[in-house]
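Undergrad: Okay, here's the structure, questions in a sec.
Derivation of every value follows stated rules applied to the coordinates shown; laboratory data play no part. All figures in this text were calculated on a predicted structure; none of them were measured in a lab. Counting neighbours? That spans all protein chains shown, and the Cβs are built from the backbone with ideal geometry, glycine included.
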Amino acid sequence: MDDRPIVTTRSRLFKWDWLAPRYWPVWLGLGLMKLMATLPFRWQLTVGGQIGRWLGNVARRRRRIAEINLDLCFPDLSPDQRAALLEQHFAALGIGLFETAMAWWAPDEKLRGLARVVGAEHLERALARGKGVLLMTGHFTTLELGARFITWQHPFHAMYRPHKNRLYEAVMRRERERRSRLPPLAREDVRGLLRAFKRGQAVWYAPDQNHGIRNSVFAPFFGVPACTITATSRLAALSGAAVVPYFPRRLPGAAGYEVVILPALENFPSESVEADTRRVNELLEQHIRQAPEQYLWVHRRFKTRPPGEPGVYNL
């Protein structure tokens, strides 16, 4: 493992361009998020849930996407049960706004009393191999806060897709780097990723969104063929990095959070990229079922269909 001091490359955030009127709503939103991070935790849960339910009523397109996803993934639930899960999901999305604010701006003193990290020894054991670690998780509403808790165990790079709004992108990148202590890596930066593994570093990665058919296969996700990126298997084969899954979860009531770090996947990658990809989806599904309302159902997970199969979205 590379024992050299961690050096970050954070640039100065402010640019005169950011004062243009088109960025004023973003500044207002960021200011509100900073305020949100200071509220007591119980207030964040209550107010966040109310905001999320309101968003569920006005964001009709996203609501319809979530309805379709839940219908496909939970056919055994009754219509009333799926409707209740949908409402819980939007409440979790609203709470997720506060969780992102806490991840970026809340002090450790506030957060340490809210979180429990289980299995940190698995991450340390994988890092000790010296070939790097792919920290694999999914797109949960607790995504940003769960990553913050992982930084208490070890610094990491975060793979990400740049945001369309330049100001929000700059703030997001700055705050993620400030907490993770290593610069984020754009999703397309394969060379940077491999250099990080060569230095024995960890890289955060979530392979559960639909990026189109290129470099993907169709693998079951809740019993539905889902276009799934194969990079988890290919990167592990190319670099020798261990794949260490972890999953964050907000506990019931105001009990806080739990992050479970699992042992590095054994016999991974295998000789079959398709089998590896199915294994990743099965693992994600297993942990999503523990708190299904906290998964990002507003993403069009099934928008790409196998040849000859009709699409599932009419939006």
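Undergrad: Would you confirm, using the coordinates I've provided, whether Glu285 is more than 12 Å from Thr137 (Cα to Cα) and either surrounded by 15 or more Cβ atoms within 10 Å (Cβ to Cβ) or more than 16 Å from the chain's Cα centre (by Cα) (or both)?
TA: no
Undergrad: Restricting attention to the stretch 284-311, report how many residues are of a type in the set (A, V, I, L, M, F, W, C) and without any contact (Cβ under 8 Å) to a residue 24 or more places away in the chain. Don't jump to the end; show me each part of the working.
TA: First pass over the stretch 284-311, keeping only residues of a type in the set (A, V, I, L, M, F, W, C): 284, 288, 291, 296-298, 302.
When the remaining residues are screened for being without any contact (Cβ under 8 Å) to a residue 24 or more places away in the chain, the result is none.
Residues flagged as of a type in the set (A, V, I, L, M, F, W, C) and without any contact (Cβ under 8 Å) to a residue 24 or more places away in the chain within the stretch 284-311 amount to 0.
Undergrad: OK, next. Condition check: touching a residue at least 24 places away in the same chain (Cβ under 8 Å), buried (at least 19 other Cβ atoms within 10 Å of the Cβ), farther than 30 Å from Leu111 by Cβ and among the polar types (S, T, N, Q). Does Thr232 satisfy that?
TA: Against the criterion (touching a residue at least 24 places away in the same chain (Cβ under 8 Å), buried (at least 19 other Cβ atoms within 10 Å of the Cβ), farther than 30 Å from Leu111 by Cβ and among the polar types (S, T, N, Q)), Thr232 does not qualify.
Undergrad: While we're on this one: Quick check on the stretch 66-83. Is at least one of its residues within 16 Å of Pro292 (Cα to Cα), surrounded by 15 or more Cβ atoms within 10 Å (Cβ to Cβ), without any contact (Cβ under 8 Å) to a residue 40 or more places away in the chain and of a type in the set (A, V, I, L, M)?
TA: The answer is yes; a qualifying residue exists.
Undergrad: Looking at the stretch 170-211, which of its residues are within 23 Å of Trp18 (Cα to Cα), of a type in the set (Gly, Ala, Ser) and either touching a residue at least 40 places away in the same chain (Cβ under 8 Å) or surrounded by 20 or more Cβ atoms within 10 Å (Cβ to Cβ) (or both)?
TA: Result: Ala170, single match.
Undergrad: Tally the residues that are under 28 Å from Asp108 (Cα atoms), free of Cβ contacts under 8 Å to residues at least 12 places away in the same chain and either surrounded by 14 or more Cβ atoms within 10 Å (Cβ to Cβ) or of a type in the set (Gly, Ala, Ser) (or both), restricting the search to the stretch 235-278.
TA: 2
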